[in-house]
Structures are given as C-alpha cells and as structure tokens.
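Engineer: The structure that follows is given in the form of structure tokens.
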Amino acid sequence: ADPVMGVATVNLDPDDVLVLHTDGVLEARRHGIEFGEERLLRLLSALADPSPASVVDNVLSSVRWFRTTAPDDVAVVALRVTD
C-alpha cells in the first residue's frame, strides 16, 4: 500500500520534546491488545525526566515489555526544542 502523506504545523515551545515513532510502537500487541496511542501518551505524561534519551529508552523498554508477539519495526526519535 502507498503511504499516506500529510502536512501539519505544530507550534513548539522551548523545552518541549517532539517524539516521532514507527507504527510498530502503537501496534505492538499483548494477547491481542495493542499498545496504542493512549498508553503511549500516558507513558510520556508520567515521565519524571522527559529528556530525549529518557523518552526513547522508556518507550522502547515499555514496548518490549508489553509485546508478546513477534517484533515489528520499532523506532523512536525524540528531539528537545531549544531557544
């Protein structure tokens, strides 16, 4: 299938962290239940240290722990906005 492309504008403030990920993060399954967007947002909101490295480490380790199926492509990139 051809990828769906779009354009969006998002205003980010200093110290905001932008998180990019492949579909393998949201589609990781545990006994038929997807990791999903809500679980990812709860994880990110709960981080005491939202540094880019911490975000990537926490998302990857959470997906690995959650997943009970064969691994899919999983990639996470986090960037912090500076002044």
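Engineer: Out of Arg67, Arg29, I need the residue that is surrounded by 13 or more Cβ atoms within 10 Å (Cβ to Cβ), in contact (Cβ under 8 Å) with a residue 40 or more places away in the chain and not aromatic (Phe, Trp, Tyr). Which one?
Structural biologist: When all the criteria are applied, what remains is Arg29.
Engineer: Taking region 47-64 as the search range and keeping residues that are hydrophobic (A, V, I, L, M, F, W, C) and at pLDDT below 95, which one is least open to solvent (accessible area, probe 1.4 Å)?
Structural biologist: Leu47
Engineer: Please enumerate the residues belonging to region 32-42 that are surrounded by fewer than 16 Cβ atoms within 10 Å (Cβ to Cβ), among the hydrophobic types (A, V, I, L, M, F, W, C) and over 9 Å from the mean Cα position of the chain (by Cα).
Structural biologist: Ile33 - this is the single residue of region 32-42 that is surrounded by fewer than 16 Cβ atoms within 10 Å (Cβ to Cβ), among the hydrophobic types (A, V, I, L, M, F, W, C) and over 9 Å from the mean Cα position of the chain (by Cα).
Engineer: Here's another thing I want to ask about it. Residues of region 11-26 being under 9 Å from the mean Cα position of the chain (by Cα) and open to solvent by less than 70 Å² (accessible area, probe 1.4 Å), which ones?
Structural biologist: Val19, Thr22, Val25, Leu26
Engineer: Let me ask another. What is the residue count in region 15-46 for residues that are touching a strand residue (DSSP E or B) at 6+ places or on another chain (Cβ under 9 Å) and within 22 Å of Val81 (Cα to Cα)?
Structural biologist: The number of residues fulfilling the criteria is 10.
The values are calculated or read from the model by the stated rules, or taken from the named source; none is laboratory data. Quantities reported herein were computed from a predicted structural model and do not represent experimental measurements. All Cβ positions, even for glycine, are placed from backbone atoms using ideal geometry, and neighbour counts span all protein chains on display. For accessibility, only protein heavy atoms count, side chains too; no ligands or nucleic acids. Shrake-Rupley method; radii C 1.70, N 1.55, O 1.52, S 1.80 Å.
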